């Protein structure tokens, strides 16, 4: 499979993760990370799939994310490594209980191990202070 085909396959697989976020399925979202994966957010750095899953489950309860959408802007694959840059949007509940739109950016470092692609490092940040 060419690097371009792998890139297209990974971009298509991203829709699985978007669906899992919209279902608030922390287990399914965390499953796209390697066991030693790292998630970096404005709320902190979460290391390991179990910690990432716990953080996501807590955030889904607090923010009640809705209508999450992600668009991959650029993806590069070279052998067993790759990365992508994306932008996203969603609606979250603010601390006051109001539903507000939020947008941001994602970067992700991908790694292929034993024939399977997963996230090694993933960053998620809003585009402006919320």
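Some points to look at:
- Flag for residue 67 being over 19 Å from residue 117 (Cβ atoms), in contact (Cβ under 8 Å) with a residue 24 or more places away in the chain and surrounded by fewer than 16 Cβ atoms within 10 Å (Cβ to Cβ): yes
- On inspection, residue 72 passes the criterion of being surrounded by 12 or more Cβ atoms within 10 Å (Cβ to Cβ) and either out of contact with any helix residue (DSSP H, G or I) (no Cβ under 8 Å at 6 or more places or on another chain) or assigned to a strand (DSSP E or B) (or both).
- If you go through the stretch 42-67 and keep only what is modelled with pLDDT of 95 or more, in contact with a strand residue (DSSP E or B) (Cβ under 9 Å, 6 or more places away or on another chain) and outside any helix (DSSP H, G or I), you end up with 45, 46, 47, 48.
- Among the residues of the stretch 11-41, those that are surrounded by 15 or more Cβ atoms within 10 Å (Cβ to Cβ) and part of a loop (DSSP other than H, G, I, E, B) comprise 24, 25, 31, 32.
- Selection status of residue 32, touching a strand residue (DSSP E or B) at 6+ places or on another chain (Cβ under 9 Å) and within 20 Å of residue 127 (Cα to Cα): no
- Residues satisfying the stated conditions in the stretch 91-126, i.e. touching a residue at least 40 places away in the same chain (Cβ under 8 Å) and under 17 Å from residue 70 (Cβ atoms): 110, 117, 118, 119, 121, 122, 123, 124, 125, 126
The values are calculated or read from the model by the stated rules, or taken from the named source; none is laboratory data. These numbers were taken from a predicted model, which means no experiment stands behind them. Counting neighbours? That spans all protein chains shown, and the Cβs are built from the backbone with ideal geometry, glycine included.
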